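The values are calculated or read from the model by the stated rules, or taken from the named source; none is laboratory data. Note that the structure is predicted; figures quoted are calculated from it, not measured. Cβ coordinates were reconstructed from backbone atoms using ideal geometry, including for glycine residues, and neighbour counts include every protein chain displayed.
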Amino acid sequence: MPVFVNTLVHLLLTLLFPPLLIGVINRTKAFFAGRTGAPLLQPYYDMIRLWRKGSVFSRTTTWVFQAGPLVTLAATLAAALLMPLGNHPSPLAFNGDMILFAYLFGLGRFFTVAAALDTGSSFEGMGGAREATFSCLAEPALFFALVVLARISSSLSLSGMLNNFPLTVWFGFGAALLLMVGALFIILLAENCRIPFDDPNTHLELTMIHEVMVLDHSGPGLAAVLYGASLKLFLLGALFVHITVPFRSGNVILDWLAFAGSMVLLAVVIGTVESTMARLKLTRVPQLLISASILSAFAMLLVLRQTP
Amino acid sequence: MISPILLTVTGIILALTAGIPLLVLTDQAKAQKISAVLHTLAAMAGICGALLSLAGGSRESWQIDWGLPFGPAEIAVDPLSALFLLPIFIVSACCAVYALSYWPAAENPESASRLTLSFAILTASLGIIVIARHAILFLAAWEIMAVACYFAMTVDSRKKEVREAGILYLVTAHIGALALFAYFALLKGEAGSYLFPPAGSLSASAATAIFLFALIGFGMKAGVVPLHIWLPSAHANAPSHVSAIMSGVLIKMGIYGLIRTVSFFAAIPFWWGVLVLAAGVISGLIGVIFAIGQHDIKRLLAYHSIENIGIIAMGTGVALMGTSAGIPSLVMLGMAGALLHTLNHATFKPLLFLCAGSVIHSCGTREIDRMGGLLKKMPLTGALFLTGAVAICGLPPLNGFVSEWLIYLGLFRGIIDADTFNDPYFALAAPALALIGGLAVACFVKVFGIAFLGEPRDERARDAHEAGPAMIAPMVVLAGICALIGLLPQAVAPLLERIVFSLYPGMAASGIKLAAHASLGMVSIVALLLLFLLAGTALLYRSRLAKGPVTAAETWGCGYQAPTQRMQYTASSFAATLVGLFSGVLRPHTRTPQIQGHFPKPASFRSHVPEALLEGFYLPLFDGLNSRLSLVRKLQHGKLHLYILYIVITLLTLLVWSHFRVRS
């Protein structure tokens, strides 16, 4: 039964937990700004309310515009079945699943950008172009990190790489992992359109990426966009947390609690970063992304020289 | 049991006869239909033959005593030939049917017969290339392929750029052929006969020159960077269905030649694999970066062919490195990935070229920036193009992902095999492939988004119309294959295994299975699950939409009340940041207007990414050679009687030579 129970917990966490992360981030930002802030569950209320609203579609758009959020959500949900959560392998773990994981996000991006271009608006065109450009640059950084993880764990599956990640790995590969964690944090912020890459709060600044792409979505479509975005943050956050919190007790309940706790902590950290940093100038963004690639490339170099 | 080789030869002969109806019948429209039927029949025979060979895994050969002084020729069908026969017959039949509506004989009376004839000869020669097992037969078919393709692609020869593209193609094809002459001469010295040696029968120790000549000759045809210069203009200026067969099939002959060549040798040196992998990475990156800068839809697709050839070469490189290091899993994953990507690229790229053809047919331009909003006018073409675009980006759940995934697995397998490799080749290649994939997504979302979505940017695009059934049907077939391989990749695994075993006879005995190293079944499960999730969310969403108020409005212009279609993002603006980042390689030509004063005059902006290597290196080189070699050029003066004299002198020399040879 434990496998069944763990799979159930995996699915429930995947479906229910992600919006809470957004709530925690917003609450952290409110704390730094000296405000009370919205309730932690506000993102859930927002999504439910949006789901109940009607829709407005531009006359320019076609079915691609409506398919965009749905394909992105479906691809992210499929990716959620590949990422191990807690101290348990993912429901579908196999050799090479990390590549499928990365490419499912690629599919989502393809359709998000296509939906943005479908409106014929130059704002959304700008957002789409930036999203496509910046995620290209983030891709090598992620794959260098996967190379490092594969080499350390001698495994070709996300579950094999990230489960059984004991503290001793940090003693053996501390320098390389530190570089990689830096790169992964940059990827986490960039891929989820957080500050310093993007500001999820503003809607009309010309320096923005994700929010400007989804400008024309409304009602249930926008709910799907917001939910998909929080799920993506949850999954990439899980990847990050597995490495940075190498705590595995062996007790099922304790491990799940530790995982959920560290995810909340990660949200607090992201909120802190957002409160203490300004958004970068747009021309600086590629530089930061390339430096993430360089960090993880150096991590790879260190690990390659060091036979496990 | 029907013999695969009999079916294949029947297919080739039928394809050859498909050129005849337009020459003899007066009712050209009917003749063109007969020709398409002949191509379809040829495809049926050829595909059956290829599939039989792949299912059986055996090799079947015929000896041909042709009375030439090079010994008897041989033709054979083995699993490797069969894999390359599949795209030849599938794509040629699709293109022949497509041509009925794209290049109808009734509207093009003077060019249709020439095009159909050269297309038929091209198909047949491609078929002969992959079954030839004799150097002279191979070279003859190779030359016929080059020339037939030249005539097919320059059918619109009144246009200057078509003629220029044709000449460039012909020149590079012959430089490549020259390398192949050297290659086969050296191979004959090593193998002792003009017949192809069996797999793994030659020693690679003295074969450096053979390998390098093969790499140049076949790499030129495949379009491996830096030998790719002919490819963009040739693909762009040919009729779209000819571009489709060039990109889908013709350039794959280079890959076939390379894989066949390396299969001759046992114990190949490690650097062969490194060189092929490096060439693959460079071709992949250069191809996709240049593609991003293009705004001619066919030129853009042509650069993606270079990218995909690069990906195939990466898989081949992994397999070669696995061979020399003695790691069967690398050989299996790399070779299976390369071969499957060859087949996959031969489905989605012709699909994209045919879609592009129907767009060009309808809009009268190749410029993406003049299109827009086509999905509303051409819903089927648009959906099919989207399918091809998702497949070529290597995104799940279509076939492009499966083959790239196999190559990734090979690279990662090499990375964790710590005892054998401390070298960073694999570790650098995997992120490079990821970068290629990311850039491909950016590029195809650009083409699809600018051409098919938004508002029309031009009058012609506003009046665009959907293509006819003869054009849609072949595209549906190709898209269907993309989906089938993507959703059920485990079905092709045994076929790929058989090809690898036929290339490496030693591996068959070891009992290695592709499924043991790559769980294609799991990929299939996730792909089907993705469709299931999509259907689920779509159903939920549709039922929600049905309940709530749905309002139609204008796109939100951030308060601006009078947006026009000219304010939309264009292909150039979409790619501007990436082109800027890679401007060191791309060398874009841009003309930015100076805007001055409070009431500036109308200004125009221009940007263009030329073929930098051709303009910056090859053309100056050839110009230099041209002036240096003016003495040699005196041999070519256009006087027919002196040419006949040359032939007489050659004949006499040969007679004298053979006379003394017989004596000695």
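Quick notes on this structure:
- Residues located in the stretch B:537-556, provided they are loosely packed, with under 14 Cβ neighbours inside 10 Å and either under 30 Å from residue B:494 (Cβ atoms) or more than 7 Å from every other protein chain (Cβ to nearest Cβ) (or both): B:539, B:542, B:543, B:546, B:547
- Every listed requirement among (1) within 8 Å of chain A (Cβ to nearest Cβ); (2) part of a loop (DSSP other than H, G, I, E, B); (3) of a type outside the set (Lys, Arg); (4) over 30 Å from residue B:461 (Cβ atoms) is met by residue B:525 save one, (2).
- Per this entry, residue A:21 is not counted among residues that are farther than 30 Å from residue B:565 by Cα, more than 14 Å from chain B (Cβ to nearest Cβ), touching a residue at least 12 places away in the same chain (Cβ under 8 Å) and not in a helix (DSSP H, G or I).
- Residue A:261 of a type outside the set (A, V, I, L, M, F, W, C) and within 14 Å of chain B (Cβ to nearest Cβ): no
- Among the residues listed as B:427, B:451, B:483, the single one being under 28 Å from the mean Cα position of the chain (by Cα), assigned to a helix (DSSP H, G or I), among the hydrophobic types (A, V, I, L, M, F, W, C) and surrounded by fewer than 22 Cβ atoms within 10 Å (Cβ to Cβ): B:483
- Wholly enclosed helices (runs of 4 or more DSSP H) of the stretch B:203-304 bearing at least 2 residues over 13 Å from the mean Cα position of the chain (by Cα) and under 19 Å from residue B:615 (Cα atoms): B:231-237, B:270-293
- A count restricted to the stretch B:432-448 and to residues that are over 18 Å from residue B:570 (Cβ atoms), within 7 Å of chain A (Cβ to nearest Cβ) and buried (at least 24 other Cβ atoms within 10 Å of the Cβ) stands at 5.
- Criterion: crowded, with 17+ Cβ neighbours inside 10 Å, part of a helix (DSSP H, G or I) and among the hydroxyl-bearing types (Ser, Thr, Tyr) - qualifying residue of A:275, A:293: A:293
- Subset of the stretch B:78-132 [in a loop (DSSP other than H, G, I, E, B), surrounded by fewer than 24 Cβ atoms within 10 Å (Cβ to Cβ) and not hydrophobic (A, V, I, L, M, F, W, C)]: B:104, B:107, B:108
- Looking only at residues of the stretch B:602-627 that are assigned to a helix (DSSP H, G or I) and of a type in the set (A, V, I, L, M, F, W, C), we find that the one that is nearest to residue B:578 (Cα to Cα) is B:612.
- Just one of (1) surrounded by fewer than 21 Cβ atoms within 10 Å (Cβ to Cβ); (2) assigned by TED's automatic domain parsing to the domain that holds residue B:352; (3) over 30 Å from residue B:44 (Cα atoms) fails for residue B:491. It is (3).
- Residue within the stretch A:114-127 that is closer than 22 Å to residue B:433 by Cβ and in contact with a helix residue (DSSP H, G or I) (Cβ under 6 Å, 6 or more places away or on another chain) present: no
- Residue match in the stretch A:250-262 (condition: among the polar types (S, T, N, Q), modelled with pLDDT of 90 or more and surrounded by fewer than 17 Cβ atoms within 10 Å (Cβ to Cβ)): no
- Sole exception among (1) among the aliphatic types (A, V, I, L, M); (2) surrounded by fewer than 19 Cβ atoms within 10 Å (Cβ to Cβ); (3) more than 14 Å from chain A (Cβ to nearest Cβ) for residue B:609, by number: (2)
- In summary, no helices (runs of 4 or more DSSP H) completely within the stretch A:58-164 bear 3 or more residues that are in contact with an Asp or Glu (Cβ under 6 Å, 6 or more places away or on another chain), more than 8 Å from chain B (Cβ to nearest Cβ) and surrounded by fewer than 24 Cβ atoms within 10 Å (Cβ to Cβ).
- In the stretch B:574-590, the residues that are more than 14 Å from every other protein chain (Cβ to nearest Cβ) reach residues that are hydrophobic (A, V, I, L, M, F, W, C) and not in a helix (DSSP H, G or I) with C-beta atoms within less than 6 angstrom, at least six apart or across chains, in these pairs: B:586/B:609; B:588/B:609.
- Of residues in the stretch A:208-230 being away from chain B (no Cβ under 12 Å) and small (Gly, Ala, Ser), the one surrounded by the fewest Cβ atoms within 10 Å (Cβ to Cβ): A:230
- One residue alone among B:55, B:43 is within 27 Å of the chain's Cα centre (by Cα) and surrounded by 21 or more Cβ atoms within 10 Å (Cβ to Cβ), and that residue is B:43.
- Which numbered condition residue B:528 fails, given (1) at pLDDT below 90; (2) more than 30 Å from residue B:374 (Cβ to Cβ): (1)
- Only one of the numbered conditions (1) crowded, with 24+ Cβ neighbours inside 10 Å; (2) farther than 26 Å from residue B:297 by Cα; (3) among the hydroxyl-bearing types (Ser, Thr, Tyr) is violated by residue B:347, and that is (2).
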